[in-house]
1. Can you pull out the strands (runs of 3 or more DSSP E) entirely within the range 217-272 that have at least 2 residues that are in contact with a helix residue (DSSP H, G or I) (Cβ under 7 Å, 6 or more places away or on another chain)?
2. Residue 155: out of contact with any helix residue (DSSP H, G or I) (no Cβ under 6 Å at 6 or more places or on another chain) and polar (S, T, N, Q), yes or no?
3. Mind listing whichever residues of the range 1-42 are part of a loop (DSSP other than H, G, I, E, B) and either closer than 13 Å to residue 209 by Cα or in contact with a helix residue (DSSP H, G or I) (Cβ under 9 Å, 6 or more places away or on another chain) (or both)?
4. For the range 104-115, check the following and say yes or no: at least one residue is closer than 30 Å to residue 328 by Cβ and among the aromatic types (Phe, Trp, Tyr).
5. Condition first: in a strand (DSSP E or B) and of a type in the set (Phe, Trp, Tyr). Can you find one or more residues in the range 179-191 that meet it?
6. Which of the residues spanning the range 185-214 are among the hydroxyl-bearing types (Ser, Thr, Tyr), surrounded by 18 or more Cβ atoms within 10 Å (Cβ to Cβ) and touching a helix residue (DSSP H, G or I) at 6+ places or on another chain (Cβ under 8 Å)?
7. Does any residue of the range 79-101 turn out to be closer than 30 Å to residue 20 by Cβ, crowded, with 17+ Cβ neighbours inside 10 Å, in contact with a Gly (Cβ under 6 Å, 6 or more places away or on another chain) and not aliphatic (A, V, I, L, M)?
8. Just to verify a result, which residue in the range 129-180, among those that are among the small types (Gly, Ala, Ser) and modelled with pLDDT of 90 or more, is surrounded by the most Cβ atoms within 10 Å (Cβ to Cβ)?
Amino acid sequence: MQQYDYLIVGSGLYGATYAYKQKLQGKRCLVIDKRNNLGGNIFCREEAGINVHEYGAHIFHTSNKKVWDFVNSFVEFNRYTNSPLACYKGKLYNLPFNMNTFYQMWGVTTPEQAKAKIEEQRQEIVQKLKAEGVSEPRNLEEQALMLVGRDIYEQLIKGYTQKQWGRELVDLPAFIIKRLPVRFVYDNNYFNDTYQGVPKGGYNKLIQGLLDGIDTLVDVDFFDCKIERLPEGGFIIKHADFECRCAKILYTGKIDEYFGYCHGALQYRSVRFEHELLDTANYQGNAVINYTEAEVPYTRVIEHKHFEAFGQQVYDNPKTVVSREYPMETAEGQEPYYPVNNDNNNALYQKYKAMADAERDVIFGGRLAEYKYYDMAPIVEKIIYS
C-alpha cells in the first residue's frame, strides 16, 4: 500500500501550491481531482492554437515581488494588462471608472469636473438617507449610489451586479461592495498592483511546474472514496482505482458537502460558459467586455487570444475563441464558483467551521472550503510565505 504524508483533494492553485510546499519539506503527497484534468478553475484548453480559460478569465496580479518571482520561476508571465470595457446599450465605457469613462458619460475633461459631477449625484442618496434618519447604506443599491451616484450606478453597476448575484440590489447587503474603482486619471489599467500578466502558454504550465514529481490522479471523486480513520492518527483511503495510507488530508472542496450538509447547504454562485470558435482573427478587439444591461443574459464576453497575442500576433491566427458567461445559482451537478456571503450563509458557515476546526488531521483550504473569495496571488503568499 502506498504511503503518503498528505492526500490533497483538489488540484487547483491552492492544492497544487500546497503540494509543492510539502514536497520542498520532504513530504510525499497524492493529489486527486474529480475532473479529468489538473488545475482546477485555472485550467486552460487549447483550441485553434489559443489557450482558452475554460472556467473564466484569470489574470495574475500582485505587488509582492517574491510572489511574482515565484510564479515566474515555473513559467514566464507576459505583459498582459487587464483593461476591460463595459457595454451599455451599444455604447462602450472604460473600466475601471476613470477619466475616459467620465468623458464618455458626461463630456467632462478634468478630474475636478468629474469629482464635482459624482459629488452632485451622490447628494441624491445622501439627502434621502438623512431625511429617513439613516446614517449608513442599508443595501447594495444604496451603497453603490453613495459611492458613485445615479448615472454610473444605473448604466454600469445595477444590471451587471443583478445578473452576477441573481438578486435585486436592494436585497443584497451593502458590504458586498466596500469600494468602487473610481480613478481620476486617463489610465485603463484595472489593477493597481506592480506586477500583472498571464503565463506564456497558459496556466497549465504553472500547475505542471508546481506538481512536477508529485503523484496525481484525475477522475477521482473524494466522496467515492472509503475513508477509514486510524486510531493512532491518519487514514486508509480506498477507491476503485487506488488504495493508500496518508497522515493528513488537505481538503479544498465544499465545506458543507464534506460534512454531509448536516446543517443545510451553503449557497454558491455558478457560471455557465458558452464557448464559440469563430472564423475571424479579431472579434471584439479586447480580452474582456462586460455587458451591463440586465436585459442581456450574459455578464461578459471573453476573447481569449488577447490574453497572449499582441499587435500583429492577433492576426497571425485567422481564428478566435470567445466565451459568454452566464451566472446562475449552483444546482445539482454544476460547479460552485464563489460564495454568497450574506448574513444567513455566513452564520451557517460558522457552524461548519467549528466542525472543521475540530476535525483531526484534516486541513480545510481554498475558496470552497473556507467559504471566501480568493485572488490567486494571496493563495501563493499564504501558502509559500506565511
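The values are calculated or read from the model by the stated rules, or taken from the named source; none is laboratory data. This one's a predicted model, so the numbers in the text were calculated from it and none came from an experiment. Backbone-built Cβ (ideal geometry, glycine too); neighbour counts: all protein chains shown.
1. 242-251
2. Against the criterion (out of contact with any helix residue (DSSP H, G or I) (no Cβ under 6 Å at 6 or more places or on another chain) and polar (S, T, N, Q)), residue 155 qualifies.
3. Scanning the range 1-42 gives 10, 11, 12, 27, 28, 34, 37, 38, 39.
4. No, the conditions are met nowhere in the range 104-115.
5. Looking for residues that are in a strand (DSSP E or B) and of a type in the set (Phe, Trp, Tyr), one finds none in the range 179-191, hence no.
6. 195, 203
7. Looking through the range 79-101, at least one residue is closer than 30 Å to residue 20 by Cβ, crowded, with 17+ Cβ neighbours inside 10 Å, in contact with a Gly (Cβ under 6 Å, 6 or more places away or on another chain) and not aliphatic (A, V, I, L, M).
8. 144
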